[in-house]
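As structure tokens, the structure follows; a few thoughts come after it.
Values in this text are rule-based calculations from the coordinates and carry no lab data. Since the model is a prediction, treat every value here as computed from it, not as a measurement. In this analysis, Cβ positions are derived from the backbone assuming ideal geometry, glycine residues included, and neighbour counts consider all displayed protein chains.
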Amino acid sequence: MIDYSAISHQREFASGNIYIRTSGSPLTKGAVVKAHAHNFDHTSFVMSGSVRVKKDGAEQICAAPAWLLIEAGVEHEIEALEDGTVFWCVFAHRNQQGDVVQEFTGWHEATQ
């Protein structure tokens, strides 16, 4: 489940099969996207500020400008480490064979 309470005005853009989901408004320090997994690989870009990413039992600090790959099925959590943090997730809903891959079900309001 995703907890997006601190992510107000989240935006999603599409071009063909490529989607970009932005954090919308800059995040405040301590905003958390709770642990969740997707059914597809995606790349996250830290555009400003910094985040702590927990995945595969490890933690990684990423400060802008930075990117990281999160593989399909890998549970991950993202926490903003400073005010003004913005990150984007870039993904496709089709696999290499061209089949549509569903994301996950449900969006949930966030915690601060």
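Evaluate the charge dipole of region 11-92 about its Cα centre and quote only its size in Debye, nearest 20, assuming +1 on the Cβ of each Lys and Arg and -1 on the Cβ of each Asp and Glu.
It works out to roughly 180 debye.
Tell me, in nm to one decimal, what length is gained between residue 97 and residue 69 on full extension, where the rule is 0.36 nm per residue of separation less the Cα-Cα distance?
8.1 nm
What list do you get for 68, 27 if you sort them by fewest beta carbons within 10 Å?
Going from least to most buried by this count: 68, 27.
Grab the eigenvalues of the alpha-carbon gyration tensor for region 11-92, scale each by 5, take roots, and send me the semi-axes largest first in whole angstrom.
19, 16, 10
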